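Notes for the one structure printed next.
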Amino acid sequence: MQQYLIKTALFLLFFAPLSLSATPRQALVPGGLAIIPLPSFNSETSVTFNDNRTTLFNNGGSLYALAGISLRTKPGTYYFKINQNGRLIEKIGVQVAKKQYEEQHLTIKNKRKVNPNKEDMARISKERVRKRKAKNHWTATYPDVEFIWPVTGETSSVFGLRRFFNKQERNPHNGLDIAAPEGTDIKVTANGTVIEAGDFFFSGNMVYVDHGQGLISLYAHMSRIDVKPGDVVKRGDIIGAVGQTGRVTGAHLHFAILANGVLVDPVYFLPEQQPARKLTKIE
Ligand SMILES: [Zn+2]
């Protein structure tokens, strides 16, 4: 006899399993988010998605589990597993659909930013260790999920584009680029703690902010950084300014979000429409 019952439900892309009014929004595609409600969660419950840790968050008094769907995810069924006292009690399947991302071709004048020399490579590998550490940072605090746009401006490059620098293919674009003049203040997207800040070869001046439960936001190519690791920040606090440091073609903010190590499209965390540019200038 089975000691416990495994329930399996299949949610389709067009079938929203929860009634979240704002954000984060579910998007069952590579680079998107899978979200399920947790009606009977207690301290002995844990939730995984595709065998990775999920982000738990509160919204309107209800608890949810959120998982980032990596850009490399193939279409198919993936499972949330809800465990109680180490035993599987519920398995919920979600159907991840295909998403075709477009190509983007960029010309970078500083060729070393595309083909780094030996010295650069040594620097890059040291920075990779710091980045990995920041990316995998985890705290138990439930995150504040009321994200705001860090700067006001037009989206100059969307998430997921297949990128070619000087005709050579590199990693896909893993964030959202918001165009704004150099020196524009950057606001932190939600409450959190600064976990990394410094000058990186490709990303230029960059800041990582931990929001809790594996949810981390990242700000790159800044002209200046106003915070340091350990600083506690509140949504809207200014953490630096827009710049063009690192591998760039002009001034913009590269804004990225990690959900337990998985880079996801930040638009699913942001309010649908950002305020009109002229309105913010009146402030
Ligand atoms: Zn970018």
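The values are calculated or read from the model by the stated rules, or taken from the named source; none is laboratory data. This structure is a prediction, so every number in the text was calculated from the model and none was measured. Reconstructed Cβ throughout: ideal geometry from the backbone, glycine too, with neighbour counts over all protein chains shown. Keep in mind that these areas ignore ligands, DNA and RNA; they rest on the heavy atoms of the full protein, side chains included. Shrake-Rupley method; radii C 1.70, N 1.55, O 1.52, S 1.80 Å.
State whether one or more residues within region 224-235 are surrounded by fewer than 22 Cβ atoms within 10 Å (Cβ to Cβ) and touching a His at 6+ places or on another chain (Cβ under 9 Å). No: region 224-235 contains no residue that is surrounded by fewer than 22 Cβ atoms within 10 Å (Cβ to Cβ) and touching a His at 6+ places or on another chain (Cβ under 9 Å).
The one condition from (1) open to solvent by less than 10 Å² (accessible area, probe 1.4 Å); (2) closer than 17 Å to Gly261 by Cβ that Pro172 does not meet is (1). Which one of these is in contact (Cβ under 8 Å) with a residue 40 or more places away in the chain and either within 16 Å of the ligand (Cβ to nearest atom) or on the phi < 0 side of the Ramachandran plot (or both): Asp226, Asp210? Residue meeting the stated conditions: Asp210.
Any residue at all in region 75-89 that's open to solvent by 30 Å² or more (accessible area, probe 1.4 Å) and within 16 Å of the ligand (Cβ to nearest atom)? No; the residues of region 75-89 include none that is open to solvent by 30 Å² or more (accessible area, probe 1.4 Å) and within 16 Å of the ligand (Cβ to nearest atom).
Residues in region 235-268 that are more than 16 Å from the ligand (Cβ to nearest atom) and part of a loop (DSSP other than H, G, I, E, B): Arg235, Gly236, Asp237, Asn260, Gly261. As a summary of the residue check, Gly68 satisfies the conditions (1) touching a residue at least 12 places away in the same chain (Cβ under 8 Å); (2) over 20 Å from Pro172 (Cβ atoms); (3) outside the structural domain of Arg247 (by TED's automatic domain parsing); (4) of a type outside the set (Asp, Glu) except for the one numbered (2). Out of Asn42, Asn59, one residue alone is open to solvent by 60 Å² or more (accessible area, probe 1.4 Å) and on the phi < 0 side of the Ramachandran plot. It is Asn42. Apart from one condition, Lys91 fits all of (1) assigned by TED's automatic domain parsing to the domain that holds Thr23; (2) at pLDDT below 95; the exception is (2).
Applying the condition of being within 16 Å of the ligand (Cβ to nearest atom) and assigned to a strand (DSSP E or B) to region 170-186 and asking which residue is nearest to the chain's Cα centre (by Cα) yields Leu176. Of the residues Thr189, Thr193, Thr152, the single one that is open to solvent by 10 Å² or more (accessible area, probe 1.4 Å), among the hydroxyl-bearing types (Ser, Thr, Tyr), in a loop (DSSP other than H, G, I, E, B) and in the same structural domain as Lys135 (by TED's automatic domain parsing) is Thr152.
In the set (1) modelled with pLDDT of 95 or more; (2) more than 16 Å from the ligand (Cβ to nearest atom); (3) more than 16 Å from the chain's Cα centre (by Cα), Ile282 fails one condition alone, (1). One residue stands out among those in region 62-109 that are assigned to a loop (DSSP other than H, G, I, E, B) and of a type in the set (D, E, K, R): the one that is farthest from Ala256 (Cα to Cα), which is Lys109. All of Asp177, Asp120 fail the test of being in contact (Cβ under 8 Å) with a residue 40 or more places away in the chain and crowded, with 17+ Cβ neighbours inside 10 Å, apart from Asp177. Quick check, is His221 within 15 Å of the chain's Cα centre (by Cα) and crowded, with 18+ Cβ neighbours inside 10 Å? No: the conditions fail for His221. Among the residues of region 187-202, the one identified as within 14 Å of the ligand (Cβ to nearest atom) and at pLDDT below 95 is Phe202. Within region 66-82, one or more residues are modelled with pLDDT of 95 or more, over 23 Å from the mean Cα position of the chain (by Cα) and over 30 Å from Arg247 (Cα atoms). Candidates Arg162, Arg130: the one that is within 16 Å of the ligand (Cβ to nearest atom) and open to solvent by 60 Å² or more (accessible area, probe 1.4 Å) is Arg162.
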